[in-house]
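Please read the structure below before turning to the comments.
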Amino acid sequence: MNVNEHDGRTEQATDGAQVSTGTPNEKAPAPNEKAPAPDAAIPELVIISGMSGAGRSTAAKCLEDLGWFVVDNLPPALIPTMVELGARSQGNVARIAVVVDVRGRRFFDNLRESLADLEAKNVTRRIVFLESSDEALVRRFESVRRPHPLQGDGRIVDGIDAERELLRELRGDADLVIDTSSLNVHELRAKMDAQFAGEEEPELRATVMSFGYKYGLPVDADLVVDCRFLPNPHWVPELRPYTGLNDEVAGYVFNQPGAKEFLDRYTELLQLVATGYRREGKRYVTIAVGCTGGKHRSVAMSEKLAARLAAEGVETVVVHRDMGRE
C-alpha cells in the first residue's frame, strides 16, 4: 500500500446495542455524575488498530467522512467512558470509532481490561486490524524517513517485530483484518467504504477472493479453498487467453468431475461456519479461493460461490486479486 502515513491510526466498524443501565450489578454514579437514561442507546463502537504504517489514519479518515465520531489515539482505559458519553448524547453520537496503537505491555493490558469491561456491560464492539508485510512497512517508513515508534536504538525491522508480537493477540480477536501490503490509499478507502458505507449493518459480510498460489496466500484470508484438483484451462489453447469470467471457461471448469459436488458441499460447510460466526459475533469473513495463477479455476469458482452466499442472504463482495497479473 502506497501510504505515506506511518503514525496513522486505524478505524473499525461495529453493531449498535441497547444496554440497560441502573441494574443491581452496576456501580452507582458519582455524586456529580449524571447516569445515562435506562433506555439510552449505546453507540456503535469500532476499535481500529494494527501495525504502524499499515494505514490506520487513512482508515480513520474514511470513517470520519462516513459520519463516524472518530477519536484518535485514545488511551484504552478511556474507551468505556467514551461509550458512556456517547450514550448520553441523545443520539448525536451514534457511531464511534476509536483508534488505538499498542506501544507497551501495560498499554495492551489496559486495552484488554477495557474490552472485558465493555463485554461485561453487553456493549457490542468490533475490532478492525490493519496488517501489512514487513517489506511494505519498511519501505513506507524509509520513504518518509521516520523511525518506527518501537525500534528504539535498533533497526526498523526490530520495531516491527516488537509491535507485531504485542499485537498478536489483538489480531487474533479482530473481526476484520485488512492486508494493505499491496493497496494504495484509494484502494484502502474503497475497502472501508464497502464495509461501512451501508445504512444498515448486515448480519454477515463476506469477501470472496480469487488468487494464484504462485503469487502467495492472502494474509487476510479466514478460509482458504484450493481448486488445483480440477484440470487447468490454461492447457486448453482456445481457453488460455480468457479468464474464469468467460462462460466457456466457467463451463469447462464446472463440467469437470467433482467441480459441482465440491461447490455444493463447500456451500453447505459455509452455511454451518456462517451460523457459528454470527453466534460468536464475527461479522466479516474473507474466503480465499486459489488456483495456480488466479486466472481461470479460482475466478470461476469464486463467482459461483459468491452467488450461492448471496442467495443465502450473505452480503458478498468478489475480488479477483491476481486476474490479469500474468
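The values are calculated or read from the model by the stated rules, or taken from the named source; none is laboratory data. Keep in mind it's a predicted model, so treat the numbers as computed, not measured. Methodologically, a virtual Cβ is constructed for each residue, glycine included, from the backbone with ideal geometry; neighbour enumeration extends over all protein chains shown. Please note that ligands, DNA and RNA were not included when accessible areas were found on the heavy atoms of the full protein model with its side chains. Shrake-Rupley method; radii C 1.70, N 1.55, O 1.52, S 1.80 Å.
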(request) Determine the order of F254, F69 by accessible area, beginning with the largest, at a probe radius of 1.4 Å. (result) F69, F254
(message) With unit charges on the beta carbons (Lys and Arg positive, Asp and Glu negative) and the dipole taken about the Cα centre of region 205-320, which residue among P241, C291, L223 sits farthest to the positive side?
(response) L223
(request) Give the calculated FRET efficiency between E280 and W235 to the nearest 0.05, with a Förster radius of 25 Å applied to their Cβ-Cβ distance. (result) 0.05
(request) DSSP loop (so not H, G, I, E, B), at most 10 other Cβ within 10 Å: list which GluC sites (Glu not before Pro) in region 199-303 pass both filters. (result) E199, E200, E238, E280
(message) Taking 0.36 nm per residue of sequence separation and subtracting the Cα-Cα distance, how much length would be gained by fully extending the chain between V219 and Q90, in nm to one decimal?
(response) 42.4 nm
(request) With a point put 7 Å past each Cα toward its Cβ, work out how far V157 is from S182 in nm, to one decimal. (result) 2.3
(request) Give the calculated FRET efficiency between R228 and L78 to the nearest 0.05, with a Förster radius of 51 Å applied to their Cβ-Cβ distance. (result) 0.55
(request) Please identify every one of the trypsin sites (Lys or Arg not before Pro) in region 206-310 that sits in a loop by DSSP and has no more than 16 other beta carbons within 10 Å of its own beta carbon. (result) R228
(message) Per 0.36 nm of contour for each residue apart, how much would the distance between E142 and A307 grow if the chain were fully extended, relative to their Cα-Cα spacing?
(response) 55.1 nm
(message) From the phi angles alone, apply the Karplus equation (6.51, -1.76, 1.60; θ = phi - 60°) to region 271-280 and give each ³J(HN,Hα) in whole Hz, x where the residue is Gly or Pro.
(response) 4, 5, 5, 4, 4, x, 4, 4, 5, 8
(request) Using only Cα atoms, locate the centre of region 128-177 and the centre of region 264-313, then give the distance between them in Å, rounded to an integer. (result) 30
